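Values quoted throughout were computed directly from the atomic coordinates according to the rules given, and no laboratory measurement underlies them. Just so we're clear, the structure is a prediction, and the values are computed from it rather than from any experiment. Ideal geometry is used to build each Cβ from the backbone, glycine not excepted, and the neighbour counts take in all protein chains shown.
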Amino acid sequence: GAEAAPSKLEWTERRDLYPQGVASGDPEPASVILWTRRPGDGAAVSLTCEVAEDRDFRRVVAATQTEAKAELGWTTRVLAGGLKPSTEYFYRFTDAEGRGSRIGRTLTAPAANDPRPGRFTFVSCQNIQEGAQNAYRRMTYEDERAPAGERLGFVLHLGDFIYEVVQYPEDGPTRYDRRIREILRFR
């Protein structure tokens with residue numbers, strides 16, 4: 001892997017410019033794929049992706065340039081390589097003006113000969129209109145506070161299904177004993 005060094009970027013979190021946040025996947029012992037969506041106004045948006053050993057990006061081990069393009073739905077993917085197995089990393093995307101995504105946390109896969117057991121969890125369907133994403137927050141909260149040997153190694157999403165049911169407030173104030181929140185409205 002690369003020698004760690006402090007980030008040289010000016011970075012200010014701007015979640016409004018990265019509406020879907022960040023994601024990681026396809027972990028290997030020495031690599032992971034990182035993703036974000038950064039909408040632009042026509043031209044591709046130049047981004048820097050950084051991977052660090054710490055949340056403050058004082059120990060950056062990988063950085064590369066990428067672009068979010070209209071023809072790809074303003075998304076970009078980066079294969080971050082040269083990483084250590086079974087290691088927690090933090091990553092972020094930053095545009096040329098220093099406006100950045102939220103900071104993501106990811107884990108590389110264990111080495112093939114790692115004797116330790118793996119800890120998995122799974123999640124399933126979600127409905128943003130129902131406001132049930134607190135389960136993800138709780139899972140993250142508990143995992144970040146767990147002893148090293150009891151932390152999750154992998155989160156598997158069973159079925160990439162997001163409900164697109166639209167229920168307007170005039171249809172009723174509650175559903176499943178939850179107050180309906182108007183997230184968006186279609187004509």
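What to note about this one:
- Prolate/oblate/rounded label for region 1-137 (Cα gyration tensor, a/c 1.5): oblate
- Amide H partners (placed H, <5 Å) of A62, local residues excluded: V51
- Qualifying GluC sites (Glu not before Pro) in region 1-50, where qualification requires a DSSP coil assignment and no more than 10 other C-beta atoms within 10 Å, comprise E3, E10.
- Label-to-label distance, nm, for residues given as D56 and A111 (7 Å Cα→Cβ offset): 3.0
- For N134 and E13, the FRET efficiency from 1/(1 + (r/R0)^6), where r spans their Cβ atoms and R0 equals 22 Å, is about 0.55.
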